[in-house]
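**Student:** Take this structure first; my questions come after.
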Amino acid sequence: MDLSHLQDTAFDLNAAREIAESFTQACGANCQLLDHDGQVLYRSRLCGDSCAFCRRIAQLTGQTSHCEKVHLYGAYQAERFGGRYIYFCPSGMAYFAAPIIIGGRAAGSLVGGPVLIMDIDDYLAGSPPGMRDVPAELLEEFRPVLESFPRIEPARLSHLSNLLFALSVYISDSSCTLLLNRERDQQQQVLSEHIQQLKLDGAPTVYPIEKERELVHAIREGDQTAARRLLNEILGHILFSTGGEFTVMRARALELMVVLSRAAAEGGVDIEQVFGLNYRYLAEISHLRSTDDLIFWLTRIMERFADLVFNLVDIKHKDIIYKAIDFMKKRYQSKVTLEDTALYVGLSPSYFSKVFKEEMGCTFNHYLNELRINKSKSLLLSGNATLVEICSQSGFEDQSYFTKVFKKRTGVTPGKFRERRGRLEPDKERSAD
């Protein structure tokens, strides 16, 4: 690769290239070195070309590939969220970014990936948003490239992200530490402003339990922005009501740590991981000697727990959808309800319904009817079963409803479909409710 035009790179380009290459060889995942505008300076590649993968998808769907913008966004978010960020491209591949800080700003970034966090069959069956318009008969074309990408568990993905962050710090200058301190100073300013407002309002000293409930909800949802704001409001209130007395603050901080960890567990984080982090944090708090250190320590805990939930959101939803579809495919011939399926995947019916529609682009009942109609088509063309028998074997309890749904989907009744041996006019295929 010609690097003659990169003479003015703010960081040591050769060192950065060596680190990217070492990361790839040691960890088995591709690594890109980007400049501050998102342009690729170097690619260390051990597996398939993800950009070519995305370009092929764009070609088949008539969309535009935005790999550069996706990775630039990931780099910005990594700078914003403490030096590391895990994200997903429209094609459903996981990446992780870490900024290279020079002179107090991001001069570039390291981007690891792509990696798969699910089996290839599940990936192809799940149709990530960017691939939903790819013709079904062409999906298998992508299997060889997908097989070249590493498949890893979510926990390992988090560890790889942490490792890449450590490597980016090595390339960065001392202002990387100043950047973290700047974040600390900004938080202290926010707390001071909140305390001043409480004084002006003559606010009561009673603990804001409602704010704590909102904080728990934000952590469960992996909403880092809301969680940070709410924690600052709670900490400001505690500082105001206690006068910043360290022993009282430490006791309240421990209580909040328990609240945060419980919220993370409820948000889907592995309970053993939560316990492990709590054990580490309990060891750390004994070494803190000032209220400022205590506040920053608690903020980092909040960010860590929220980050764990946030990073699980896409992963968790994909896993939930695959589990739900598998459940439906195995039971569609009998009575399957949204409530039963939600219970199976561990969500409330209302939330499961929302997640299913967002991920699949259709309602639960629409998808279930599609499964049943496709089965009935096969039965109509492959045997001599009566319409009543086919209705039952396809999972429909009422023949009139079966006929109604079938006709709405195909444009003809089941009897006509059998009579025509499945041959339909091009415009007859419709969507089922």
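**Student:** Sticking with the crude label model, points 7 Å out along Cα→Cβ, report the distance from Ser382 to Glu18 in nm, one decimal please.
**Tutor:** 6.1
**Student:** Divide the volume of the convex hull of the Cα atoms of the range 214-274 by its number of residues and quote the answer in cubic angstrom per residue.
**Tutor:** Enclosed volume per residue, from the Cα hull, is 72 Å³.
**Student:** Would you work out if the range 246-397 is rounded, prolate or oblate? Take a ≥ b ≥ c from the square roots of the eigenvalues of the alpha-carbon gyration tensor; rounded if a/c is under 1.5, else prolate when a/b is larger than b/c, oblate otherwise.
**Tutor:** Working: a/c = 4.69, a/b = 4.49, b/c = 1.05.
Prolate shape, in that a/c is at least 1.5 and a/b is the bigger ratio.
**Student:** Report the calculated FRET efficiency for Glu339 and Leu60 (r = Cβ-Cβ distance, R0 = 35 Å), to the nearest 0.05.
**Tutor:** After rounding to 0.05, the efficiency reads 0.40.
**Student:** What is the gain in length, in nm to one decimal, between Leu139 and Glu266 on full extension, counting 0.36 nm per residue of separation less the C-alpha to C-alpha distance? Don't skip to the answer; put the middle values down first.
**Tutor:** Numbers: separation 127, 0.36 × 127 = 45.72 nm, distance 3.60 nm.
Net length gain for the segment: 42.1 nm.
**Student:** So, one more: Among 379-389, 229-239, how do they line up from the highest to the lowest mean number of other beta-carbon atoms within 10 Å?
**Tutor:** 229-239, 379-389
**Student:** Students often get this wrong, so check it: of Lys377/Lys416; Lys323/Lys404; Lys375/Lys416; Lys357/Lys377; Lys323/Lys377; Lys329/Lys375, which have C-alpha atoms separated by over 21 Å?
**Tutor:** Table pairs above 21 Å Cα-Cα are Lys323/Lys404; Lys357/Lys377; Lys323/Lys377.
**Student:** What residues of the range 269-301 lie in the reach of a label at Lys211, counting those whose backbone N is under 20 Å from a point 7 Å from the Cα along Cα→Cβ?
**Tutor:** 291-301
**Student:** Taking the number of other C-beta atoms within 10 Å as the exposure measure, put His366, His287, His36 in order starting with the fewest.
**Tutor:** His287, His366, His36
**Student:** Need the full-extension length gain, Val40 to Asp121, defined as separation in residues times 0.36 nm minus the C-alpha distance. One decimal, nm.
**Tutor:** 26.1 nm
Quick note: the coordinates plus some simple rules give every number you see, no bench work behind them. Source: prediction; values computed, not measured. Neighbour counts are summed over all protein chains in view; Cβ atoms, including those assigned to glycine, are modelled from backbone coordinates with ideal geometry.
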